[in-house]
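Notes follow once the structure below has been shown.
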Amino acid sequence: MTELPMSEFLVAPSILSADFARLGEDVARVAHAGADWIHVDVMDGHFVPNITIGAPVVKSLRPVSKLPLDVHLMIENPERYVEDFAKAGADFLTIHIEAMKSPSETEALLRRIRHLGVKPGITLRPVTPVEQLFPFLSLVDLVLVMTVNPGFGGQKFMADQISKISALRNELRRIGHGALIQVDGGVSPETAVLLGDADVLVAGSAVFGAPDVREAIRNLKTARSVAKPVAQ
């Protein structure tokens, strides 16, 4: 896989900040406003201290939009559920390295996700050293850097995680692999200018809470034109 050149960020609005009473309408609204992906946060109340949605909601969203459904599994034992989410229509499935018992099981699950016809992704909590992801980068299409602690929306952006993004960019270049780097947590036009080494921005309240959703997405996309990559 070669690195994908982009002059703008891809924007993946997180439905965690949508109105769940009008979820289909909200997804259609951001898709019409220029979103590139739809980000779906799945939480089980065990791996993180919150409970959100499951595969049936992903299945219900599949007919609403043709945009890729980017599913972030913040759950224990993800191997039990990846097939359900694949069948529901997920395009990306991202697992947490902390949810896996061993490197061999991590590798096996990433290969299984791809075998199911879904693009595999991997991520980590802010406290986890980024180097723990390096052995698996060649197996994934997406690497997610959390710039908040996973579990709740609306948290403050953690600037000390930016170094992980540049480390991942350097390592991906070293191995000649073009997986996309995604950032999730406290993302706004103000913080996006710090993320020049990223490719995909997940934004919840910055999109769904904006008075003009189209302008909010456009501002996030174009932030890359002034963002400064820090990878060497």
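The values are calculated or read from the model by the stated rules, or taken from the named source; none is laboratory data. As the structure is a computational prediction, the values presented were derived from the model and not from experiment. For neighbour counting, all protein chains shown are included, and Cβ atoms are generated from backbone atoms with ideal geometry for every residue, glycine included.
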task = Please state which of the following conditions residue 16 fails to meet, knowing it meets all the rest: (1) closer than 21 Å to residue 195 by Cβ; (2) among the aliphatic types (A, V, I, L, M); (3) at pLDDT 95 or above.
result = (3)
request  = Return yes or no: is residue 27 modelled with pLDDT of 95 or more, crowded, with 20+ Cβ neighbours inside 10 Å and within 14 Å of the chain's Cα centre (by Cα)?
outcome  = no
inquiry  = Can you list residue pairs whose Cβ atoms sit under 8 Å apart, with the first residue in segment 184-205 being farther than 13 Å from residue 226 by Cβ and the second being of a type in the set (Lys, Arg)? Count only pairs 6 or more apart in sequence or on different chains.
reply    = 186/156; 197/169
task = Please work out which residue is modelled with the highest pLDDT, limiting yourself to segment 151-160 and to residues that are surrounded by 16 or more Cβ atoms within 10 Å (Cβ to Cβ) and not hydrophobic (A, V, I, L, M, F, W, C).
result = 151
Residue tally, condition free of Cβ contacts under 8 Å to residues at least 40 places away in the same chain and among the β-branched types (Val, Ile, Thr), over segment 29-75 = 8
task = Taking residue 69 as meeting all but one of (1) over 23 Å from residue 212 (Cβ atoms); (2) buried (at least 18 other Cβ atoms within 10 Å of the Cβ); (3) over 16 Å from the mean Cα position of the chain (by Cα); (4) not polar (S, T, N, Q), write down the number of the exception.
result = (3)
request  = Would you check which residues across segment 44-95 are closer than 21 Å to residue 106 by Cα, touching a Leu at 6+ places or on another chain (Cβ under 9 Å) and modelled with pLDDT under 95 and list them?
outcome  = 44, 47
ask   = So, of the residues in segment 163-183 that are in contact with a strand residue (DSSP E or B) (Cβ under 7 Å, 6 or more places away or on another chain) and basic (Lys, Arg), which turns out to be farthest from residue 133 (Cα to Cα)?
value = 169
ask   = Which residues, counting only those in segment 98-150, are small (Gly, Ala, Ser) and surrounded by fewer than 17 Cβ atoms within 10 Å (Cβ to Cβ)?
value = 102, 104, 108, 117, 138
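Tell me yes or no: at least one residue of segment 7-18 is more than 21 Å from residue 207 (Cβ to Cβ) and part of a loop (DSSP other than H, G, I, E, B).
no
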Every pair of residues 6+ apart whose Cβ atoms lie under 6 Å, when the first sits in segment 207-232 and is under 12 Å from residue 194 (Cα atoms) and buried (at least 19 other Cβ atoms within 10 Å of the Cβ) while the second is at pLDDT below 95 and polar (S, T, N, Q) = none
key: Residue check for residue 23: part of a strand (DSSP E or B) and among the aliphatic types (A, V, I, L, M)   = no
ask   = Out of segment 116-125, which residues are part of a strand (DSSP E or B) and either hydrophobic (A, V, I, L, M, F, W, C) or over 20 Å from residue 79 (Cβ atoms) (or both)?
value = 122, 124
